[in-house]
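> Following this message is one structure expressed as structure tokens.
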């Protein structure tokens, strides 16, 4: 299993979190330009790319069905439409998704905040929580200072791992776009 998790930044000058996950956490770093991201993904040739960014726009209004389902679960989110920065981020995500799909990679949309909320761990400054969670799955998170975008990329990659293990649920519709989140027992 070869997985890449991305926590995409709006600007190509800002840090995008990047994580490679296989049988271990191989790489956690930041990238900036689309060219850097594409080069890193293509050189690893993953089975799946998980992007923590909206990868589609709503058919109408500001919310997709996926955001409506997040709202029902009382999970905070920023909609793909309504803020210029989110529209730019969504367009960047769509562009990368289409590129990776054209190269034959499976691409899923994930939501780092939903992951944290559903598993009841903090959304920020969550290194120790992520370290404990990954340890359950036999994965080690290196001991060092991480930017939150890097930890969110780990979250994206781990959500893809859960996807491959069929331990997720899909919010939204196939037509409009789905967000993959961990399946939790209530």
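The values are calculated or read from the model by the stated rules, or taken from the named source; none is laboratory data. What you see is a predicted model, and the numbers here were worked out from it, not measured in a lab. Here the Cβ positions follow ideal geometry from the backbone for every residue, glycine too, while neighbour counts run over all protein chains shown.
> Is it true that some residue in segment 70-79 is in contact with a strand residue (DSSP E or B) (Cβ under 9 Å, 6 or more places away or on another chain), part of a helix (DSSP H, G or I) and within 18 Å of residue 152 (Cβ to Cβ)?
Taking every residue of segment 70-79 in turn, at least one turns out to be in contact with a strand residue (DSSP E or B) (Cβ under 9 Å, 6 or more places away or on another chain), part of a helix (DSSP H, G or I) and within 18 Å of residue 152 (Cβ to Cβ).
> How do the helices (runs of 4 or more DSSP H) wholly within segment 107-186 filter down when requiring 2 or more residues that are in contact (Cβ under 8 Å) with a residue 60 or more places away in the chain and within 29 Å of residue 61 (Cβ to Cβ): which remain? Before you say what the answer is, go through the steps one by one.
Working: elements: 112-118, 127-136, 148-164.
Per the criteria, 112-118, 148-164.
> Quickly run through segment 32-56 and pick out the residues that are in contact with a helix residue (DSSP H, G or I) (Cβ under 8 Å, 6 or more places away or on another chain), in a loop (DSSP other than H, G, I, E, B) and crowded, with 18+ Cβ neighbours inside 10 Å.
From segment 32-56, those in contact with a helix residue (DSSP H, G or I) (Cβ under 8 Å, 6 or more places away or on another chain) are 34, 37-38, 41, 47-56; that's our starting set.
From what's left, in a loop (DSSP other than H, G, I, E, B): 47, 52-56.
Matches in segment 32-56: 52, 53, 54, 55, 56.
Residue-by-condition table, conditions (1) surrounded by fewer than 19 Cβ atoms within 10 Å (Cβ to Cβ); (2) modelled with pLDDT under 90:
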| site | (1), (2) |
| --- | --- |
| 65 | yes, no |
| 70 | no, no |
| 79 | no, yes |
| 82 | yes, yes |
| 90 | no, no |
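> How many residues, within segment 76-106, are under 14 Å from residue 9 (Cβ atoms) and free of Cβ contacts under 8 Å to residues at least 24 places away in the same chain?
2
> Something else now. From the list 103, 97, which residue is modelled with pLDDT of 95 or more, surrounded by fewer than 17 Cβ atoms within 10 Å (Cβ to Cβ) and closer than 22 Å to residue 2 by Cα?
Criteria check complete, one pass: 103.
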